[in-house]
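Visitor: Sharing a structure below in structure tokens format, with a few things to ask.
Read-outs throughout are calculated quantities, based only on the coordinates presented, and are distinct from any laboratory measurement. None of the values given here were measured: they were computed from a predicted structure. Neighbour counts run over all protein chains shown; Cβ positions are idealised from the backbone, glycine included.
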Amino acid sequence: MSEPRVIKKYPNRRLYDTVESRYITLADVRRLVVERIEFVVVDKKNNADITRSILLQVIAEQENLAEPILSQEFMVNVIRAYGTSSHGPVSALLDQSLKHHESAARDSAAANAFAGGRFVQGTVRDAIRREGPRRARRRQVIDATMEGAGIPRPLGCGQESCGRHQMTQRSRLTIGLPAGIAKAA
């Protein structure tokens, strides 16, 4: 792995990119982040690493644009988390959440790739096809839970043949219906 690019911050608040041998702006720093180019920002006076400070400036600049990501309530809660016992867990949760979001976005982009010059539409159909068994399994779990707790299933359509509304012998007895009789809707 190569060494990260060094950006020097001079006392006049200007940032100097040592690789490109030119002064850069916060927009250029943002471009480096977006392009996944590793860098470190050092203060020219004392060689202190001030990368986090510069990244916060980039975030502040982006938040002042038309569509900010961070709500005021979120920022207030982050500030409140500093100095409390939740500081570490909040940091870990935010980091994990953003990594998951990035991974999902990458997977989505791959699924929407072009194949043979035409857009791959199968991903939506596949998702719907996969959801069918999931929904059926969720229904089975809910029904089993209701049955185990002695809660009758809804009578909705009133048809004994309707799999979703079938009543078991136990649930009929629970609500006082004789066996073999279904309540009409």
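Visitor: Show me 63-70, 90-97 ranked by packing, highest mean number of other Cβ atoms within 10 Å first.
Guide: Highest-to-lowest ranking by the protection proxy: 90-97, 63-70.
Visitor: Label Val90 and Ala105 with points 7 Å out from Cα along Cα→Cβ: what is the distance between them in nm?
Guide: Result for the modelled spin labels: 2.3 nm.
Visitor: At q = 0.25 Å⁻¹, what log₁₀ I(q)/I(0) does segment 1-76 have when each alpha carbon counts as one equal point scatterer in the Debye sum?
Guide: For segment 1-76, the Cα-only Debye profile gives -1.20.
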